[in-house]
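Contents: one structure, followed by commentary.
The values are calculated or read from the model by the stated rules, or taken from the named source; none is laboratory data. Computed from a prediction, not measured in an experiment: that's the story for all the values here. Every residue, glycine as well, gets a Cβ built from its backbone with ideal geometry; the counts of neighbours run over all protein chains shown.
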């Protein structure tokens, strides 16, 4: 089970708490996690990455195991601690005004 | 007893205000979607409890919400807005080519007859339509591709399609306005479009009388006279009596003819309202006095309406989608400010009272006149 932490607005939108747990089949990558997240919570489609290009929205960042994965390939394998559910995959809103 | 529902979009959520036909005691609910920018909410004329709302932030993009119970509960519908075909380029602020990019939905205009059909005006400028209650959105590409799109440039707020007026006598005829491209009209339900800007004059473009490039801030129409249009342009208040084929200036004795909203009295098609703003570089009322101006002659002769409005040290703005009218007798006029006040007049503008005073900056105000409070 993969753990994903969402920022407050997306928690409200998806009607979930801070952390959701999702199943990911195959390699645990950013793309696999976001595909599974959007399949479980369709309302999140378009809010984290573009509908068509699947590029990360510019004011969001992805963290895992105290590392910034925002600029890594979406198909790069995430750390084993994320794949095993020990550590969460974090979707973080950039601190840009508000 | 009849009732009124006011739908208010703000920078940090939506508010819904209801009152009976006396309009003297208001119930305010909200914020709905707290923390999100709510550019626009509007109800279906065919089913007043069907509401649509444009929700977004720079962080999480665009969402569309739908309510089937007058705003008590909401459900997100499809938020996928993808341009049809090659997106080409429009002009950037400096005149260089810039690729078309979807940013947000500025305005939602439900069909006059079908609650599941809604038009969406978006930035970068284009018109989309749903015919399934928001389950899917499809561009009407004939507007963006009719030939002048490469010469459209953004206004200060972006390249936004902000006004959609459906002709009540002919649903195939729709008027739209884009900042800064101008006004356009379709006579075939959105398949083909043409610019309708003859008579406009704008100093911010190389040819002040060009067919496109004008920063139209808002257009308005009375249901009984769909060939007569009123326009608040970047500068100038304009009027057309031939469905936009030609325009003439009716700024008359206004203290300044810069402003954003313009609207028409529900029962008097020659009575119109604007809110003069000092200038395009100083977006607040002249002399710190918030004044609505009313013309009972379709323009040119204007009177200041000040009773109940702040007449000193007021430096708010009233944005283009932030004025609306009800259809009660006498006609109610409503507007919201960037200072978070929503003012209402139940006597066609003669006097005003705030119905909310400390909201986030108001982006839009729409009014529904209902048979009763549900």
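Given (1) in contact (Cβ under 8 Å) with a residue 40 or more places away in the chain; (2) in contact with a helix residue (DSSP H, G or I) (Cβ under 6 Å, 6 or more places away or on another chain), where does residue B:44 come up short, assuming only one miss?
It fails just one condition, (2).
Looking only at residues that are outside any loop (DSSP other than H, G, I, E, B) and free of Cβ contacts under 8 Å to residues at least 60 places away in the same chain in the stretch B:339-374, which one is farthest from residue B:105 (Cα to Cα)?
Per the criteria, the residue is B:353.
For the stretch A:58-71, give me each residue that is crowded, with 19+ Cβ neighbours inside 10 Å and at the interface with chain B (Cβ under 9 Å from one of its Cβ atoms).
Within the stretch A:58-71, A:60 is the sole residue that qualifies.
Please specify each residue of the stretch B:89-120 satisfying the condition of being without any contact (Cβ under 8 Å) to a residue 60 or more places away in the chain and either within 14 Å of chain A (Cβ to nearest Cβ) or part of a loop (DSSP other than H, G, I, E, B) (or both).
Once the filter is applied, which keeps residues that are without any contact (Cβ under 8 Å) to a residue 60 or more places away in the chain and either within 14 Å of chain A (Cβ to nearest Cβ) or part of a loop (DSSP other than H, G, I, E, B) (or both), the stretch B:89-120 yields B:94, B:95, B:96, B:99, B:100, B:101, B:102, B:103, B:116, B:117.
Please find, among A:88, A:42, A:74, the residue that is modelled with pLDDT of 95 or more, surrounded by fewer than 19 Cβ atoms within 10 Å (Cβ to Cβ) and either more than 14 Å from every other protein chain (Cβ to nearest Cβ) or farther than 30 Å from residue B:12 by Cβ (or both).
Testing whether each residue is modelled with pLDDT of 95 or more, surrounded by fewer than 19 Cβ atoms within 10 Å (Cβ to Cβ) and either more than 14 Å from every other protein chain (Cβ to nearest Cβ) or farther than 30 Å from residue B:12 by Cβ (or both) leaves just A:74.
Kindly list, by first and then second residue, each pair from a residue in the stretch A:82-95 that is under 13 Å from residue A:24 (Cβ atoms) to a residue that is part of a helix (DSSP H, G or I), limited to pairs with Cβ atoms under 6 Å and residues at least 6 apart or on different chains.
Hits for this filter: A:89/A:33; A:89/A:82.
Take the conditions within 23 Å of the chain's Cα centre (by Cα), buried (at least 16 other Cβ atoms within 10 Å of the Cβ), modelled with pLDDT of 95 or more and within 11 Å of another protein chain (Cβ to nearest Cβ) and apply them to residue B:71. Does it pass?
Spelling it out, it is not the case that residue B:71 is within 23 Å of the chain's Cα centre (by Cα), buried (at least 16 other Cβ atoms within 10 Å of the Cβ), modelled with pLDDT of 95 or more and within 11 Å of another protein chain (Cβ to nearest Cβ).
Would you mind finding the one in B:53, B:3, B:19 that is under 30 Å from residue B:348 (Cβ atoms), crowded, with 19+ Cβ neighbours inside 10 Å and within 14 Å of chain A (Cβ to nearest Cβ)?
Selected residue: B:53, the only one of B:53, B:3, B:19 that is under 30 Å from residue B:348 (Cβ atoms), crowded, with 19+ Cβ neighbours inside 10 Å and within 14 Å of chain A (Cβ to nearest Cβ).
How do the strands (runs of 3 or more DSSP E) wholly within the stretch B:272-338 filter down when requiring 2 or more residues that are at pLDDT 95 or above and surrounded by fewer than 20 Cβ atoms within 10 Å (Cβ to Cβ): which remain?
B:303-305
Which condition from (1) under 14 Å from the mean Cα position of the chain (by Cα); (2) under 24 Å from residue B:55 (Cβ atoms); (3) more than 8 Å from chain B (Cβ to nearest Cβ) is the one that residue A:95 breaks?
Checking residue A:95 against (1) under 14 Å from the mean Cα position of the chain (by Cα); (2) under 24 Å from residue B:55 (Cβ atoms); (3) more than 8 Å from chain B (Cβ to nearest Cβ), the one that fails is (1).
Considering only residues that are without any contact (Cβ under 8 Å) to a residue 24 or more places away in the chain and more than 12 Å from chain A (Cβ to nearest Cβ), look in the stretch B:23-40 and name the one that is nearest to the chain's Cα centre (by Cα).
Residue satisfying both the conditions and the ranking: B:30.
Filter the stretch B:176-201 down to the residues that are surrounded by 24 or more Cβ atoms within 10 Å (Cβ to Cβ) and not in a loop (DSSP other than H, G, I, E, B) and list them by number.
Within the stretch B:176-201, B:176, B:177, B:178, B:179, B:182, B:183, B:184 qualify.
Within the stretch B:75-88, restricting attention to residues that are surrounded by 14 or more Cβ atoms within 10 Å (Cβ to Cβ) and more than 11 Å from chain A (Cβ to nearest Cβ), which residue is farthest from residue B:14 (Cα to Cα)?
Restricting to residues being surrounded by 14 or more Cβ atoms within 10 Å (Cβ to Cβ) and more than 11 Å from chain A (Cβ to nearest Cβ), the top hit is B:87.
Could you list all residues from the stretch A:1-39 that are within 14 Å of chain B (Cβ to nearest Cβ) and either under 16 Å from residue B:61 (Cα atoms) or crowded, with 19+ Cβ neighbours inside 10 Å (or both)?
Once the filter is applied, which keeps residues that are within 14 Å of chain B (Cβ to nearest Cβ) and either under 16 Å from residue B:61 (Cα atoms) or crowded, with 19+ Cβ neighbours inside 10 Å (or both), the stretch A:1-39 yields A:6, A:7, A:8, A:9, A:10, A:11, A:12, A:13, A:14, A:34, A:37, A:38.
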